[in-house]
Amino acid sequence: MDQEQNPAPVQARASEIRARAGALWRRATAQIIRIPVTARVLLGFLLLAGILMAAHTALPGKDASLRLKVQHGFRTAQFSMWIDGDLAYSGKLIGSPARKFGLLPSSIQGSLSETFPISSGAHQVRVRIVSDDGATQENSIKGDFTRNSQRTLSVNARRNDVSLNWQGSEMPVTESASAGTGWFSRYAGTLLMTIAGSIVSALTGYMIRELPKQIGSRSQ
């Protein structure tokens, strides 16, 4: 009841808080303006390097690979594959008549082979095939990937069924096979740390050179 009849103390307190916040903001702005432009640019690069390092740490590296091998019996069909719900591949399946004993065509056969970089750990792979007549076949499978290894997923697709199986055992990824996709995950941390260290060194050297000048000018 007293607060409803006397709102002045509350309003005065709010005004005081706003005044203090405004004063702090003006003081911080004035301090930032005093910093030379070169130092501000170096600080900006340092902040960018920190953000890149945080992003690299948060995002998992693609340190394994998934090899896809498809055998199908479609003249034409649309093939799509998702890894953990994210579309990883979409393209056409094209088959041709296979001749029996080199004479008469017996059936339509086709194949597809692709390799995808993937992070180590457990993943779910889902495939969908839509034939030229609109028939849809879909199936999914789970698999575990260890670091620096490759697993082969065999897909056998026919008009009435699509089966998924992991083929053989995990194979170690060779240096040449993983050079294109794993370079960033292996060396990005070292590269970014080098960049951040260079920026810090440059900023430190600049401050050592400029700080005595700033002190001398203020003393004069």
Just need a number here: residues in the stretch 136-171 that are touching a residue at least 40 places away in the same chain (Cβ under 8 Å), open to solvent by 60 Å² or more (accessible area, probe 1.4 Å) and under 27 Å from the mean Cα position of the chain (by Cα).
3
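Yes/no per residue for (1) at pLDDT 95 or above; (2) closer than 22 Å to V127 by Cα; (3) of a type in the set (D, E, K, R):
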{"site": "A58", "(1), (2), (3)": "no, no, no"}
{"site": "K62", "(1), (2), (3)": "no, yes, yes"}
{"site": "A77", "(1), (2), (3)": "no, yes, no"}
{"site": "G91", "(1), (2), (3)": "no, yes, no"}
{"site": "S107", "(1), (2), (3)": "no, no, no"}
Output for the stretch 116-135, where each listed residue is over 16 Å from S90 (Cβ atoms) and surrounded by 16 or more Cβ atoms within 10 Å (Cβ to Cβ)
P117, I118, S119, S120, H123
One residue from T29, T38 being at pLDDT 70 or above and of a type in the set (S, T, Y):
T29
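The values are calculated or read from the model by the stated rules, or taken from the named source; none is laboratory data. This one's a predicted model, so the numbers in the text were calculated from it and none came from an experiment. When we count neighbours, we look across all protein chains shown, and the Cβ atoms used for this are built from the backbone with ideal geometry, even at glycine. What goes into the accessible areas is simple: the full protein's heavy atoms, side chains included, and nothing from ligands, DNA or RNA. Shrake-Rupley method; radii C 1.70, N 1.55, O 1.52, S 1.80 Å.
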